[in-house]
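Data first, discussion second: the structure below is written as structure tokens.
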Amino acid sequence: MNTPLSWIKDFVPELDCTDQEFVDAMTMSGTKCEGYERLDKNLEKIVVGRIEKIEKHPDADKLIVCQVDIGTGAVQIVTGAPNVSEGDLVPVVLDGGKVAGGHDGGPLPEDGIEIKAGKLRGVESEGMMCSIEELGSSRDVFSDAPEDGIYIFKADSGVKPGDDAAEALGLHDTVFDYEITSNRVDCYSVMGIAREAAATFDLPFKYPEVKDTGNNSGQASDHISVSIEDMDLCTRYIARVVKNIKIGESPDWMKKRLRASGIRPISNIVDITNFVMLEYGQPMHAFDLSAIAGNKIVVKRAKDGDVFTTLDGEERKLDSDVLTICDGEKAVALAGIMGGENSMITDSVHDVLFEAATFNGPNIRKSSRRIGLRTDSSGIFEKGLDPNNAYDAMERACSLIEELGCGEVVGGRVDVHAKLPEKKHIAFEPERINEYLGTDISRDTMLSYFKRLEVEYDETKNELIVPSFRQDLLSFADSSEEVARLFGYDRIPTTLPKDSGQIGGLPFKLRVEKLARDTACAFGFSQGYCYSFESPEVFDKLRLKADAPERGAIQISNPLGVDFSIMRTLPLNGILGSLSVNFNRRNENVRLFELANVYIPKTELPITDYPDERMQFVLGAYGDIDFFELKGVVEEFIYKAGMKERVKYEASERPYLHPGRQADIVYDKAVIGYMGQIHPLTAKAYDMAKTDVYIAVLDMPEIVKRASFEPRYAGLAKYPAVSRDISMVVPKAVRAQDIDDIIVQRGGKILESFKLFDIYEGQQIGEGFKSMAYTVVFRAKDKTLSDDDVNAVMKKILNGLEGLGIELRS
């Protein structure tokens with residue numbers, strides 16, 4: 001956003017500071033200035049001169065000798081410019097003066113070019129007549145400048161010999177370049193920047209004078225009707241009619257404003273729309289009313305395949321997401337982007353329809369990209385404009401039309417809109433703001449800051465009423481920011497942050513996840529990160545049945561390819577793929593883990609768009625590891641997570657795991673995960689048929705639900721322990737877990753611990769049996785146990801074991 005200082009001073013007349021002071025103050029108050037440029041940099045001793053007499057150079061065919069009146073006398077200047085005549089008013093740099101650059105329009109030298117009196121082919125020359133490029137500008141903004149020659153002031157420009165030429169051209173100005181954040185849409189206008197300047201320097205803000213317009217030749221609704229078919233894409237459309245248009249040049253003051261902003265003046269009607277767009281940040285458009293079929297405007301979506309020719313003469317292919325402005329028969333403009341060739345303003349125009357509207361910002365941005373056309377208007381519309389601003393901009397444009405005598409504004413307006421946004425209310429909490437900022441600013445001072453920003457105060461409700469153009473003010477944090485920036489960020493004292501007295505740290509869920517990482521790393525596992533997007537072919541590699549619920553994965557609407565077309569419902573493919581890469585690169589022993597999210601579609605009512613996103617703690621390894629070591633890693637993590645109950649393992653039938661070497665992990669009667677060896681066919685599908693691959697998966701939401709990091713104190717034992725060993729012959733069908741359950745159920749309160757310390761199968765044990773030996777430890781908290789106490793409990797345990805077909809070894 002580039003804004004000339006002279007235009008800002010139209011709104012803030014009392015502004016008086018250096019350019020650098022302005023940059024520093026605006027930046028510190030939140031409107032960051034990237035830099036500034038003086039338009040008259042290196043322009044010295046340049047005045048208006050009138051050519052009184054032209055003679056041929058006596059010794060050069062292409063040079064002429066001019067006698068030039070500079071107000072204080074006449075000077076002689078030798079030039080080769082082909083476009084000058086006697087009586088022309090031209091810019092003249094005098095002896096010892098400077099110009100910004102050369103006539104070729106190349107890069108400007110840092111210190112300019114000094115002009116000195118001298119002789120050209122033997123004839124004295126006391127200065128130089130200047131082209132627009134030598135004055136540091138270009139034909140891009142001075143369209144009346146010749147392509148190769150001296151700039152000539154128009155006869156009716158009002159300048160006379162001796163006048164300051166830079167002043168006459170509007171070059172005594174500074175243009176500031178701002179970095180505007182996307183939430184400050186109001187600052188994409190001169191008025192918005194001026195408001196900020198007035199608030200920053202605590203000076204009065206002067207609104208432009210807007211006069212009521214409209215003659216007695218009827219109402220706008222007599223000449224045009226407006227309907228909006230897609231109100232979601234156009235929330236407001238205002239139309240006014242101007243009759244008896246007089247196309248001509250704009251006044252010098254308007255030209256200077258446009259040129260300083262980098263826009264080339266064209267004609268009064270076009271210049272007014274550009275002027276209002278810069279001043280109010282509201283793009284406008286003008287149609288030739290005679291080209292509007294049926295005297296009606298319809299705002300609606302285009303049809304797929306429609307072709308439209310824009311003002312630049314290019315054909316644009318449209319689709320149904322592009323919003324168009326249509327008349328009774330055809331499209332006449334691409335909404336918010338560019339008008340059509342079929343309704344453009346020409347010199348023969350008689351009546352004009354003016355448009356000011358509010359369009360859906362994201363739609364304008366996407367449409368602009370799809371059709372390959374980005375304009376100044378689309379760049380503003382895509383930010384999302386205030387609907388109330390469209391009304392103000394239209395009134396300003398019509399006021400300028402009458403002021404400049406460009407035509408006769410018809411009374412009234414056609415204004416079609418959705419419900420206009422109401423002013424937002426924010427609770428005014430000065431004490432909280434001071435606590436938030438670490439300041440001690442009085443209530444009245446804060447209210448004075450908000451008054452500068454045109455934020456009203458409702459004393460009865462103690463609320464701030466936000467003007468509609470400040471779409472960024474929504475909450476307490478926003479109001480605090482306004483106080484901070486007008487108070488001065490550099491004035492806010494350094495203070496220690498206030499806290500609640502609690503010890504900082506990770507949230508509980510993240511502590512459990514950190515424990516998972518730490519435990520895995522302690523056992524030699526390395527963390528991996530795998531894609532959440534997968535291919536449907538993964539389900540075949542994992543041998544899932546056609547009706548398996550895991551196959552009902554969420555489809556990606558715009559996938560990069562079939563390999564990334566669904567959201568994973570199982571966490572195995574990524575880790576198995578990583579293990580496969582390592583195995584095929586001959587890494588002998590690999591242990592990997594991942595904290596991976598799976599995405600389970602919702603099936604219960606009401607169904608939402610969001611899946612059940614569950615984190616899984618996945619361990620995968622091959623090489624120097626087996627089922628029981630991986631089981632130990634799982635149990636270590638569960639123990640450190642404060643889950644003190646016994647973990648059980650129950651048979652499972654997962655098709656991607658080995659049928660005889662897999663188990664569900666059960667805790668507190670709930671399945672919290674599973675583990676096992678990868679099925680040989682699945683291993684083959686991942687090119688790992690020649691090794692045994694083991695995986696374990698824990699459902700982290702179930703872990704987090706049951707985890708606890710609260711320390712549990714147990715005093716030192718006061719009484720001695722009693723241990724007994726049990727050596728048993730056990731049927732092979734009986735699991736160690738079944739024996740554990742009997743010991744726990746019948747051990748009672750005096751059971752302290754037990755441990756399986758030996759298991760044997762061989763010739764000394766009968767076929768179909770195995771030998772198992774346990775150490776069982778008993779201890780009472782209130783007395784020393786006698787043999788009778790221990791024997792009674794052991795008898796219960798042995799009776800329970802007999803029910804499993806277990807016999808004691810002699």
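Quick notes
- Share of pairwise Cα-Cα distances greater than 17 Å in the range 269-337 is 50 percent (whole percent).
- Chain lengthening between Lys705 and Gln219 when straightened (0.36 nm per residue, less Cα-Cα): 167.9 nm
- Computed magnitude of the charge dipole of the range 399-496 (debye, nearest 20; Cβ of K, R +1, Cβ of D, E -1): 140
- Label-point separation in nm, Asp148 to Thr775, each point 7 Å along Cα→Cβ: 10.6
- The chain: angle of helix 19-28 to the longest principal axis, Cα-based, in degrees nearest 10: 30
- Centroid-to-centroid separation of the range 661-710 and the range 284-302 [C-alpha atoms, Å]: 67
- Calculated FRET value between His350 and Ala477, using beta carbons and R₀ = 56 Å, to 0.05: 0.55
- According to the Cα-based calculation, Rg over Rh for the chain is 1.19, with Rh computed by the Kirkwood formula.
- Helix 736-747 vs. the chain, principal-axis angle (Cα, 0 to 90°, nearest 10): 70
- Nearest-ten-degree value, helix 476-487 long axis tilted from longest Cα axis of the chain: 50
- Calculated FRET efficiency for the pair Lys783/Asn597, C-beta based, R₀ 60 Å, to 0.05: 0.65
- Percent RCO, i.e. relative contact order, over the range 247-375, from Cα pairs under 8 Å lying at least 6 residues apart: 22
- Mean-position separation - Cα centroids, the range 138-160 and the range 7-34, in angstrom: 31
- DSSP-loop trypsin sites (Lys or Arg not before Pro) across the range 135-195, with at most 16 other Cβ within 10 angstrom: Arg139, Lys154
- HN-Hα J in Hz across the range 708-713 - Karplus 6.51, -1.76, 1.60, θ = phi - 60°, x for Gly and Pro: 7, 10, 6, x, 10, 8
- Where trypsin sites (Lys or Arg not before Pro) fall in DSSP loop in the range 673-737, at most 16 other Cβ within 10 Å: Lys690, Arg712, Lys718, Lys732, Arg735
- Annotation: amide H-H contacts under 5 Å for Val693 (H modelled 1.01 Å from N, sequence separation of 5 or more, or interchain): Ile678.
- 20 Å cut-off, amide nitrogen to a point 7 angstrom out along Glu167 Cα→Cβ, residues in the range 61-86: 69-74
- Pairs spanning more than 26 Å between alpha-carbon atoms, out of Lys119/Lys256; Lys160/Lys255; Lys509/Lys644: Lys119/Lys256.
- In a simple Cβ point-charge model (Lys, Arg +1; Asp, Glu -1; nothing else charged), the chain has a dipole of about 4420 debye relative to its Cα centre.
- Length available on full extension from Val307 to Gln67: 0.36 nm per residue minus the Cα-Cα distance, which gives 80.5 nm.
- Reference-scaled alpha-carbon Rg (2.2 N^0.38 Å with N residues) for the range 41-130: 1.05
- R0 of 45 Å, Cβ-Cβ distance Glu14-Lys419: FRET efficiency to nearest 0.05: 0.70
- For the range 312-367, trypsin sites (Lys or Arg not before Pro) are listed when DSSP marks them as loop and at most 16 other Cβ atoms sit within 10 Å of their Cβ; the list is Lys330.
- When each of Lys211/Lys243; Lys32/Lys98; Lys640/Lys796 is checked by Cα-Cα distance, pairs over 21 Å: Lys32/Lys98; Lys640/Lys796
- 12 Å tail of the calculated P(r), the range 356-395, as % of Cα pairs: 54
- Taking 0.36 nm per residue of sequence separation and removing the Cα-Cα distance, the Arg374/Glu21 pair yields an extension gain of 123.6 nm.
- Averaging the Cα positions of each part gives two centres, and for the range 384-462 and the range 349-363 these lie 22 Å apart.
- Taking 17 Å as the cut-off, the amide N atoms of the range 630-651 that come nearer than this to a point 7 Å along the Cα-to-beta-carbon line of Lys669 belong to 645-650.
- Theoretical ellipticity at 222 nm over the chain - DSSP helices of four or more residues, -39500 (n - 2.57) apiece, nearest 500: -7500 deg cm²/dmol
- Dipole of the chain computed with +1 at Lys/Arg Cβ and -1 at Asp/Glu Cβ about the Cα centre; of Ile401, Ile337, Gly118, farthest Cα towards the positive end is Ile337.
- Cα pair distances exceeding 15 angstrom across the range 451-538, given as percent: 79
Readers should treat all values here as calculations from the given coordinates under stated rules, not as data from a laboratory. Bear in mind that the values here come from a model prediction, so they are computed numbers and not experimental data. So basically every Cβ, Gly included, is an ideal-geometry build from the backbone, and we count neighbours across all protein chains shown.
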